[in-house]
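No lab work stands behind these numbers, since they all come straight from the coordinates. Computed from a prediction, not measured in an experiment: that's the story for all the values here. With ideal geometry, Cβ positions are generated from the backbone for all residues, glycine too; neighbour counts draw on all protein chains shown.
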Amino acid sequence: MSEKKPRVLVAMSGGVDSSVAAALLVDQGYDVIGATMQVWDYSSCDIEEGNGTCCSSLDVDDARSVADRLGIPFYVLNCEAKFKTAVIDPFLKAYLEGQTPLPCVNCNTYLKFDHLIRKMKELECDYLATGHYAQIVPNEKGEARIFTSTDDWKDQTYFLFTIEPEIVKHLLFPVGHLKKPEVRKIEKEKELVVAKKKDSQGICFVGNKGYGTFIEEQVDSKILAQRAGVIRRYPSGETMAEHAGIHHFTYGQSKGLGMSHHEKLFVIKIDPETNTVWVGDENYLYRSNVDVVDAHLIDQVEDGEILEVKIRYAHKGSKARVKKTEKGFHFEFLEPQRAVTPGQAAVMYRGRQLLGGGWITL
Amino acid sequence: MKIENKFAKIYLDFNATTPLDSGLALKLPEFLQFWGNPSSIHWAGQGPKKVLRESRKAIAEALQVSPLELIFTSGGSEANNTVFQSVFEASRNSQRNEFITTAIEHPSVLKCLSHLQQLGAVVHVISVDRSGQLDWSHFEKVLSPKTALVSMMLANNETGLVLPIREIADRAHSLGAKMHTDAVQALGKIPVNLSDLDVDFASFSAHKFYSLKGCGVLFSKKGNELRPLIFGGGQERHRRGGTENTLGIWAFGYMASKASEIQKQAERISALRDRLETEIQNHIPQVTITHAHAPRLPNTSSLVLAGVDGETLLMSLDVKGFAVSTGAACSSGSPEPSPVLLSLGLSREEAQSSLRVSLGWSTTFEQIENFILTLKSVVERLRALQIQNSTGSRLEASR
């Protein structure tokens, strides 16, 4: 009798990365089960609209057809209620409070690496796999930990900082050691994905219409109207214009401010108490320190250690001295950072290892 | 005994659909000679015309009605829709324009009637309780000379409950109302004698009876006014347009000729189902069986396994080769708790912990033994995980 093959639950979105991840696992001889989380009520969506993002009903069909091609069992998991509570509601709340939320982290925290971990155990799987660009590597103590992908440009570890350390040994990131063009090549060779897709960028449930429209569709117009206010010049306090709601703005924004001015001005600060949007010269956007709350650690961090800190997904990372605080961490950047934005995460790395992070608060 | 064999596929979802009868499968090539259009006058139309005639006759004999009272349709849903739309159109300008149905009907009944409600129809929905009792006092209250049609299913797809259609039909007729029964789930599982049931309309589907998908039959009693849902070339005596599904009708006719086997199979399957339920209740704690003490189809068992998520249970069993269901098959894509089970008074948790096991002609004793052992081990494991995770998910923990 041959030894029982490890069983893997693979989260499939129908996109290139998770499809290739599933195919590689099948090639490696794992006993693979595919699953898609149904996270949003499609009936209210325009069918065309979801195309190319990770949560449209067409994508569920695509994931199913990839699973068919691979000859693996495939299930659709109903996560609509959980997704609304854990991802959509906090997303809307954050915008109304002048923050710029990061819904993908909540989805990872409460759905992909919690709900699916549970399903993994229930279905007697040994591992949970996703199409994330990240790698599992043992630390010096031999514990499985998360490291950045070999594709620095696609690396997605920034979104993974809330993963519980004890589940890392159950995770597989089958495409994490590859570069995107290699993944695309594998997908082409295997002819996995039916529909041609763009990379899923931006926020899956917002689609092409933009987050402003999404918020207007989801939130009562009376509540939105309460978020209208004025745009003031920083630091003089001069009133520049009126605005329809602070949810239309994000830190560092310079386009679409709804006013004409001879200089290029940037959103410096959003004050949810008075609904004031402060705009000013770019130099006011720079800060040399930031506090994070609700911090989460995957591995040890020394107090006073200098680490690489990323303050947004597209940020390259910058050196900062890390100090523990009561609620999280205080980071002192060695060089001032542009547009440190509340609602985003500050995530710590030692070399290529993801250590953890927290939520930026100003 | 071996608990799991990775390659054994065991089908216990006969209420969703049935596999093709093995005798029928062997005979399928014989149909190829009947490719012609039954409406053709020339030689190519003769064979297929004979197929229609003989199938209709065989089905009529099985159901104890006259062949001309049967109209071939694309299935049970079309048959149901035809009756409601026809009665609605005929009654919309009359005093007799109300519908009575139950809360446990198939969506092709409930959704069609709710559509007609939006167009102005008056629809009364009678509930059935968790013991299987129809709310007779509500029924009596709404049944009146204004009732145009009473539509109640012969057997429920989720629990197997069999409703006293004859009794209901007698009450409906006493006030001059017509009686329809959706008998889709009963055909092939229990003998169905329409003259005993004394209904005016009845719907059937071939694929629940070891035959092909895409074929059904509507019984409309002689003398009924019936307006077509699909207008076309005068087929089915102008009651249903469109060239007939001769292959489906031929296969349905073949199965109808085997209707005498139904009673024998029902007795055999009933013994297997009873054993299944006894063993499950003896070996798995906290299991209840919905409608256990009501008249039921002999093949259906609707289990509530406390503390086990039906969706997860279904997947875990599927991975091991067992095909079962958590409710109606059409809801398997998006696992919301079954509206039918909720309407019986089951809690959301109970409905979500429900599993439907439905047996059929090819179900064996060994399959049932195998299933009992697997179910026991899967339920124990899922319940143990439930206790392990009793702190709840991170989402609940964060609040």
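The table below gives the values:
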{"read-out": "Inter-chain Cβ neighbour average for residues A:75-85, partner chain, 10 Å", "value": "3"}
{"read-out": "Phi-based couplings in Hz for segment A:308-314 (Karplus 6.51, -1.76, 1.60; Gly and Pro marked x)", "value": "7, 10, 9, 9, 7, 4, 7"}
{"read-out": "Residue-averaged beta-carbon neighbours from other chains (10 angstrom radius) around A:122-134", "value": "2"}
{"read-out": "Over 19 Å (Cα to Cα) - which of B:Lys178/B:Lys222; B:Lys27/B:Lys213; B:Lys189/B:Lys221; B:Lys264/B:Lys376; A:Lys264/A:Lys319; B:Lys189/B:Lys264 fall in this group", "value": "B:Lys189/B:Lys221; B:Lys264/B:Lys376; A:Lys264/A:Lys319"}
{"read-out": "Cβ-based net charge around B:Gly233, under 13 Å, with every Lys or Arg adding one and every Asp or Glu removing one", "value": "+1"}
{"read-out": "FRET E, pair B:Ser377, A:Leu362, Förster distance 45 Å, beta-carbon r, rounded to 0.05", "value": "0.25"}
{"read-out": "Using alpha-carbon coordinates, inclination of helix B:310-319 to the longest axis of chain B, degrees", "value": "90"}
{"read-out": "Rule-of-thumb Rg ratio for segment B:47-185 [Cα; 2.2 N^0.38 Å; N residues]", "value": "1.10"}
{"read-out": "C-alpha long axis of helix B:246-256 to longest principal axis of chain B, angle in °", "value": "70"}
{"read-out": "Residue-span extension gain [B:Lys9 to B:Ser195] - 0.36 nm each, minus C-alpha spacing", "value": "63.0 nm"}
{"read-out": "Computed E for B:His173/B:Glu349 - FRET, C-beta separation, R0 35 angstrom, nearest 0.05", "value": "0.25"}
{"read-out": "Rg ratio (alpha-carbon, reference 2.2 N^0.38 Å) - the protein assembly as shown", "value": "1.15"}
{"read-out": "Cα-Cα separations in chain B greater than 27 Å, expressed as whole percent", "value": "53"}
{"read-out": "Relative contact order computed over segment B:4-124 (Cα-Cα under 8 Å; 6+ residues apart), in percent", "value": "13"}
{"read-out": "Relative contact order (%) - chain B, alpha-carbon pairs under 8 angstrom, separation at least six", "value": "22"}
{"read-out": "Segment A:120-169: chymotrypsin sites (Phe, Trp or Tyr not before Pro) falling in loop per DSSP and having at most 14 other Cβ within 10 Å", "value": "A:Trp153"}
{"read-out": "Folded to 0 to 90 degrees: helix A:57-70 orientation relative to chain A principal axis, Cα", "value": "30"}
{"read-out": "Per-peptide average of other Cβ atoms within 10 Å, ordering B:229-240, B:340-351 highest first", "value": "B:340-351, B:229-240"}
{"read-out": "Once the Cα gyration tensor of chain A is diagonalised, semi-axes √(5λ) in Å", "value": "37, 26, 17"}
